[in-house]
Amino acid sequence: SQQGEEDPQALSIQEGENATMNCSYKTSINNLQWYRQNSGRGLVHLILIRSNEREKHSGRLRVTLDTSKKSSSLLITASRAADTASYFCATVESGYSTLTFGKGTMLLVSP
Amino acid sequence: NAGVTQTPKFQVLKTGQSMTLQCAQDMNHEYMSWYRQDPGMGLRLIHYSVGAGITDQGEVPNGYNVSRSTTEDFPLRLLSAAPSQTSVYFCASSYEYQETQYFGPGTRLLVL
């Protein structure tokens, strides 16, 4: 069953605005990962944040992790039309050797 | 460096037919996995392997079979295709199970 749940399910913004997506999960995790999927393509890894980390940056991406609330957020700053995609969070539960994906957030960035 | 490759890209099967979805990686990754993606369901794990000769079931293994005779290849077999197996199938690999996953481009399967 799905461990992570993304919120919102869909998000529509204008170019230049920031986009924030949230992920909640249920159990203790080793790490949490964010992936992007362009329409009809495979998933591409964006960021991995470990359970002992609180924040991580990569270019225009900022990920936070709050293990006490069992939640993570992905912030994309200064969005571009090319950021239009589905974004998934995935978790590795403590003691397990598999990655569990959420259902994703569809982001539409309009020019 | 081709990364993760999958063949075929598209396939149409009739109910009851069998087929094998191919997956190969050239990154010397020990961990490989198969997911299916259905609308509104995200990705669900079918089978995975932590190394050559070792496989295990994921969340939705019924109707699928895997083997891992080499580090590079991880084929997924549909034993007797059913319409419920209509989906997009993704293969992924990684150095370790909890590290970054590298995905293939996917195989779109339609079972009539």
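Derivation of every value follows stated rules applied to the coordinates shown; laboratory data play no part. Quick caveat, the model's predicted, so the values are computed rather than measured. Here the Cβ positions follow ideal geometry from the backbone for every residue, glycine too, while neighbour counts run over all protein chains shown.
For the stretch A:46-107, what does the equivalent ellipsoid look like in terms of its semi-axes, each the square root of 5 times an eigenvalue of the Cα gyration tensor, given largest first in whole Å? Please list the in-between numbers first.
Working: eigenvalues 97, 44, 18 Å².
In descending order the semi-axes read 22, 15, 9 Å.
What is the order of A:SER97, A:SER73, fewest Cβ neighbours within 10 Å to most?
Numbers: A:SER97 14, A:SER73 18.
So the ranking, lowest neighbour count to highest, is A:SER97, A:SER73.
Just to confirm a number: summing +1 for Lys and Arg and -1 for Asp and Glu over residues other than B:VAL50 whose beta-carbon lies under 14 angstrom from that of B:VAL50, what do you get? Don't skip to the answer; put the middle values down first.
On the way: positive: B:ARG68; negative: B:GLU30, B:ASP56, B:GLU96, B:GLU99.
Every neighbour counted, the sum reads -3.
Between Rg and the Kirkwood Rh of the protein assembly as shown, both from Cα atoms, what is the Rg to Rh ratio?
0.97
Given points 7 Å out from each Cα along the Cα-Cβ axis, report the B:ALA82 to A:VAL44 separation in nanometres with one decimal.
Spacing of the two 7 Å Cα→Cβ label points: 3.7 nm.
Quick check on the stretch B:9-80: what does the Kirkwood estimate of hydrodynamic radius come out to from the alpha carbon pairs, in Å?
Numbers: mean 1/r = 0.0774 Å⁻¹.
Here the Kirkwood hydrodynamic radius works out to 12.9 Å.
Hey, if you put +1 on the Cβ of every Lys and Arg and -1 on every Asp and Glu Cβ in the protein assembly as shown, which of A:THR67, B:GLY53, A:GLN37 ends up farthest toward the positive end of that dipole?
Final value for the positive-end residue is A:GLN37.
Can you report the principal axis dimensions of chain A using only the alpha carbons, biggest first, rounded to whole angstrom?
Largest to smallest, the principal-axis extents are 44, 27, 20 Å.
Output needed: percent of Cα pairs per 5 Å distance bin for the stretch B:1-42, bins running from 0 to the one holding the longest distance.
Answer for the stretch B:1-42: a P(r) of 5, 14, 21, 22, 20, 11, 6, 1 percent.
Please list, in order, the residues from the stretch B:15-39 whose amide nitrogen is less than 12 Å from a point placed 7 Å along the Cα→Cβ vector of A:ASN30.
Under 12 Å, as judged by backbone N against the label point of A:ASN30, lie B:31 of the stretch B:15-39.
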